[in-house]
Amino acid sequence: MRSTDSRTVLFKENQSVDQECYIVGEPYQRLDATEKVTGIAKFGDDIKIPQMLYGRILRSCHAHAKILNIDTSEAEKLSGVKMVITNKDFPDIIYGMYQDDQRIFARDKVNYYGEAIAAVAAEDPDIAQLAIDLINVKYEKLPVVLNPEEAIRKGAYQIHKKYKGNIAAKRKIRKGDVNKAFQKADYIFENTYTTSMVDHVPIETHVAVAESDPSGFVTIWSPTQAPFNNRFLLSRILQIPMNKIRIIQTSIGGAFGGKQELMAEPAAVILAKKTKRPVKVICDRVEEFTASTVRHPFKMIYKTGVSKEGKILTRKIKLIQDCGAYNDLGEGVLRYATIMAAGPYCIDHVWIDGYLVYTNKNIGGVMRGVGVPQVCFAGECQLDLIARKLKIDPLDLRLKNALKNRDISPNGQKMIGIGYVETLEMIKDKIKNIKIKRKNPKDKNLVRGFGISSMMYSCSGAGRHDYNSAIVKFNEDGTAIVLTGTPDVGQGSRTILAQIAAEELGLNYEDVWTSMADTAYSPVDMYGANASRISYMAGNAVRNAARDVKEQIFEYLIQSDRVKQEEIVFKKGWVYLKGKKQIEIKELVKKIFRPDGKPLIGRGSHNTLSEHMNPIDGLNNTVDIFLFATGAAEVEVDLNTGTVKVIKIWAAHDVGKAINPLNIEGQIEGGIGQALGFALCEKVIHDSQGIVMNPSFLDYKIFTSLDMPEIIPLIVEVPEPKGPYGVRGVGESTTIPGAASIANAIFDATDIVVDTLPMTPEYIYHKLKIHEK
Amino acid sequence: MRKKSIHLDINCEMIEVEVKPNWTLLRVLRDELGLTGTKEGCGEGHCGACTVIMDGKAINSCLVLVEDAIGHKIMTIEGLVKKDGTLHPLQENFIKTGAVQCGFCTPGMIMSAKALLDQNPEPTELEIRTAIAGNYCRCTGYTKIVEAIKKTASQLKLKKRGNKQ
């Protein structure tokens, strides 16, 4: 089989037949939509296997405590209980993604409320729940560390002895000479911003089913967004070789980064091995709010120096990222936040210090936008303060400083083929005729305002090695299958990968089917559905695999029809030789299979071109592809109650190429739904002992259909040189500009300076009262 | 707790099933009858993933004790597809407008929409949004879901007019 170099253009297309796309760029219906609208799609909890037991996990009721003893005897005696496990049933391994600081089940101490301690398998989920309550844990409470700034002070309790000062990680950027630049600045602005802990809130909670056979082979069904990464971790933690672990991805009921890590899987595997029966471990909604990973809260201190004409001369930023109890993927989030903190602007002098600080709270993981919704809120709100002071229109201020092609980003990278200015121009064009009625004629307590915000983000893993691979194979009847290890989490990746394969193979969309991920059969996808990487990385891998298998057919034709490669084109189901329609692709494939007996399997892959962040100055090519967007919001503030109603939101995203415009609109609309919650109402609240006070939908609110504003999605297409058909990612960008647009609109409406998220009515009311005085 | 045998009217079929009295309708649908189209998202009546139609009204099946469902007509997502396999117009339009992303809220969302359209065939946008306000969606921002329901309402209206003529 021919190997494929993923970084070069494989072969030149025949120019004699029109090469315009006819599948890529079209709003095809999702290939998995029918199973979802009929209820046939199988999610994690829909998996049921004969003889299956039900598992539940016992979690800590303290935020910080030593474990003195775990007594499982009463639980074991309960009729219907088949197994109770604790840390003793796992290999004694500490693991992590960036540093090893975590166990599957706590051994000597618990470091957050909700940390896993034990698990039970029983005949019935009710019995499993009863058994959990019968496990008796003796704790010795320890001082609770909740505030990151207190956690890094001298004398603070060390949560992990190995990591001094409760600092899990640091990152920095040193570019130019900020001190000199501040001296030259006409104005210096210093502001502090804070964001809160937010949960992913997938509507489907975490669950996993595991089955083990006597040879030690383990099969796991899980709504995981990272099956290969999970296999890698499980192999390490449970000491099982990868060929004995099979992870089958089920349909996934929402992920957003929250189904990246292991949660129910390890307990399910050990319970299955010990009971010799399949086990389904369920995590309920309370566990989602207390024990699943969260978006890191940030405190951000921004000092910005500008000229009176509005040129940003320098930005000095300190980021304090609340890690929670374990590093997990927090270090990656810190990296993203540090790289993007200064904003999408051409700034020569940048100084950024980022600190990831341990606290006794929920583990910060990866959540859509990973650190950038937070820093975008800070940087963009401050920009509007600057615009107001300098009496420059906020959009013009951004245009003046915007990164353009050949500019150098704050983290030292040269911009190539970017479309940031186009997103600003798109918003400028859409809002030019809008007249916001500041005051409501019927009610003087309602005032309206308008605000914008821009963002910069990364497509594919920034600062880490990343790769994706794909197989495209023909069936004997000439239809094709795409095998991918990348899960579709609802963003529509199965659909766009089918579109890319169909386009490349010259087939119709209906002739191609994309698999779900199954580590036994799918080619490796290193990190899963995250980092807005799929259209780019899996798209390239699939395109390369399609080209590889097409080339095999070309070889056949070159032999059989004595043509040259450049004279062959596949398009709309037909093979064209020297510009003439010759034979249907399907008929040709049938011939190749039978009688010639040549299976047609194509292989492709793509590697990221990302460098690790330089520890001295952070200035290298850490980001493979930059993503840009500009958002705008119109809000109405009730001066009596502090309630903010978002009337309209515009969002202009440069996606490079919209493989499926319907999907892109869906991402924008859904991303805004999450951004609105982040901006206005979502917060995981802890009491002084670190106990989560609102682990239910009663007290943690997300936006419903009645809360949503009118959304105007705007797709900008500036082709990305490295992406298949010019595509870039968009999945996470859509959650990023919203909060700052809304905050800036509130500033426009009321003159109050917002510096904290969420902007609840109480917070806005309080700010209004202070402003009045 | 002992199991007892009861009869439930599910998707126009009388089904006999053994249940414990503390089981919810949701649990019986999913675990005893294998009708896994109806989902559990919170178990507390907030998220609406468990929405089924009981006597024409959209209800949270996680809040209904199974014995309280006896003698009532229950319709689940599985009951929407016709016997010949054709999809209900709501299902068709959810697919066409791009209203389906992860699909977990979709069955509950469609059942709430069906209950609405059966009672109010010409809803305003506000009435649509109110009808699905108890169905959380974290993926779509609701825009295309509302569009799908609107489209279905106008198609059914046209069909009705056509039938009258």
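Here is how the numbers come out for the structure above:
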{"quantity": "Neighbour-count ranking [beta-carbon atoms within 10 angstrom, fewest first] of A:LEU662, A:LEU53", "calculated": "A:LEU662, A:LEU53"}
{"quantity": "3J(HN,Hα) from dihedral phi, region A:746-757, Karplus parametrisation 6.51/-1.76/1.60, rounded to Hz, x for glycine, proline", "calculated": "5, 4, 5, 6, 10, 6, 7, 8, 8, 9, 9, 10"}
{"quantity": "All lysines inside 22 Å of A:LYS82 as judged from Cα atoms, apart from same-chain residues fewer than 8 positions distant", "calculated": "A:LYS48, A:LYS273, A:LYS274, A:LYS276, A:LYS280, B:LYS3, B:LYS20"}
{"quantity": "Contour minus Cα-Cα distance for B:GLU32 and B:LYS73 (0.36 nm per residue)", "calculated": "13.0 nm"}
{"quantity": "Long-range HN-HN contacts of A:LEU142 with modeled amide H, under 5 Å", "calculated": "A:HIS64, A:ALA65, A:LYS66"}
{"quantity": "Mean projection area, nm², convex hull over Cα of region A:245-306", "calculated": "7.6 nm²"}
{"quantity": "Restricting region B:1-108 to trypsin sites (Lys or Arg not before Pro) in coil, as DSSP defines it, with at most 10 other Cβ within 10 Å", "calculated": "B:ARG2, B:LYS82, B:LYS83"}
{"quantity": "Links that overshoot a 32 Å alpha carbon limit, given the list A:LYS389/A:LYS773; A:LYS259/B:LYS57; A:LYS184/A:LYS414; B:LYS39/B:LYS157", "calculated": "A:LYS259/B:LYS57"}
{"quantity": "Under 5 Å, built H, 5+ apart or other chain: amide partners of B:CYS42", "calculated": "B:CYS47"}
{"quantity": "Region A:433-511: trypsin sites (Lys or Arg not before Pro) in DSSP coil with no more than 16 other Cβ atoms inside 10 Å", "calculated": "A:LYS435, A:LYS437, A:ARG438, A:LYS442"}
{"quantity": "Net charge contributed by nearby residues that have their C-beta within less than 10 Å of A:THR224 (K/R +1, D/E -1)", "calculated": "0"}
{"quantity": "Positive minus negative residues near A:LEU757 (Lys, Arg vs Asp, Glu; Cβ under 12 Å)", "calculated": "+1"}
{"quantity": "FRET efficiency, 1/(1 + (r/R0)^6) with R0 56 Å, evaluated for A:LYS598 and A:LEU706 via beta carbons", "calculated": "0.45"}
{"quantity": "Average beta-carbon neighbours from other chains, 10 Å sphere, peptide A:41-53", "calculated": "2"}
{"quantity": "Cα-based shape type of region A:359-448, given that a ≥ b ≥ c are square roots of the gyration tensor eigenvalues and the cut on a/c is 1.5", "calculated": "oblate"}
{"quantity": "Contact order normalised by residue count of chain B, Cα under 8 Å, 6+ apart, percent", "calculated": "22 percent"}
{"quantity": "Inverse mean reciprocal Cα-Cα distance (Kirkwood Rh) of region A:500-652, Å", "calculated": "19.9 Å"}
{"quantity": "Sum of side-chain charges, A:SER515 neighbourhood, beta-carbon under 13 Å (Lys, Arg +1; Asp, Glu -1)", "calculated": "-2"}
{"quantity": "Loop-located trypsin sites (Lys or Arg not before Pro) in region A:112-212, at most 12 other Cβ atoms within 10 Å (DSSP)", "calculated": "A:ARG153, A:LYS154, A:LYS161, A:LYS162"}
{"quantity": "Cross-link partners of A:LYS564 among aspartates and glutamates (Cα-Cα below 18 Å; sequence separation of 8 or more within a chain)", "calculated": "A:GLU13, A:ASP548, A:GLU551, A:GLU555"}
{"quantity": "Difference of contour (0.36 nm per residue) and Cα-Cα distance, A:VAL563 to A:LYS276", "calculated": "97.3 nm"}
{"quantity": "Rg/Rh for region B:50-165, where both radii come from Cα atoms and Rh is the Kirkwood radius", "calculated": "0.97"}
{"quantity": "Cα centroid of region B:52-82 to Cα centroid of region A:181-241, whole Å", "calculated": "36 Å"}
{"quantity": "Alpha-carbon spread of region A:13-138, three principal axes, descending order, Å", "calculated": "77, 39, 24"}
{"quantity": "Least to most buried among A:LEU329, A:LEU446 (fewest other Cβ within 10 Å first)", "calculated": "A:LEU446, A:LEU329"}
{"quantity": "Förster-model FRET efficiency, 60 Å R0, A:LEU698 and A:ASP177, C-beta, rounded to 0.05", "calculated": "0.65"}
{"quantity": "FRET efficiency, A:TYR22 to A:ASP213 (Cβ-Cβ, R0 51 Å, nearest 0.05)", "calculated": "0.60"}
{"quantity": "Distance between region A:403-482 and region A:627-677 - C-alpha centres, whole angstrom", "calculated": "11 Å"}
{"quantity": "Region A:49-60 - phi-based ³J(HN,Hα) in whole Hz, Karplus 6.51/-1.76/1.60, Gly and Pro as x", "calculated": "10, x, 6, 5, 9, 10, x, 9, 10, 8, 10, 4"}
{"quantity": "Per-residue Cβ neighbour rank within 10 angstrom, fewest leading, A:MET300, A:MET516", "calculated": "A:MET516, A:MET300"}
{"quantity": "For region A:605-730: rounded, prolate or oblate by the Cα gyration tensor [a/c cutoff 1.5]", "calculated": "oblate"}
{"quantity": "Region A:574-596 and region A:514-551: distance between their alpha carbon centers, rounded to Å", "calculated": "26 Å"}
{"quantity": "Rh by Kirkwood over Cα pairs, then Stokes-Einstein D for region A:107-192 at 1.002 mPa s and 20 °C, µm²/s", "calculated": "117 µm²/s"}
{"quantity": "Kirkwood hydrodynamic radius over Cα pairs of chain A, then Stokes diffusion coefficient at 20 °C and 1.002 mPa s, in µm²/s", "calculated": "78 µm²/s"}
{"quantity": "Amide hydrogen neighbours beyond the local backbone of A:ILE245, cut-off 5 Å, H modeled", "calculated": "A:VAL218"}
{"quantity": "Residue-by-residue Karplus 3J(HN,Hα) for region A:761-773, coefficients 6.51, -1.76, 1.60, Hz, glycine and proline x", "calculated": "x, 4, 5, 5, 4, 4, 5, 5, 5, 5, 5, 4, 5"}
{"quantity": "Where labels lie 7 Å past Cα in the beta-carbon direction, separation of A:ASN620 and A:ILE408 in nm", "calculated": "1.7 nm"}
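Values quoted throughout were computed directly from the atomic coordinates according to the rules given, and no laboratory measurement underlies them. Small disclaimer: the values here were computed from a predicted structure and weren't measured. Cβ coordinates were reconstructed from backbone atoms using ideal geometry, including for glycine residues, and neighbour counts include every protein chain displayed.
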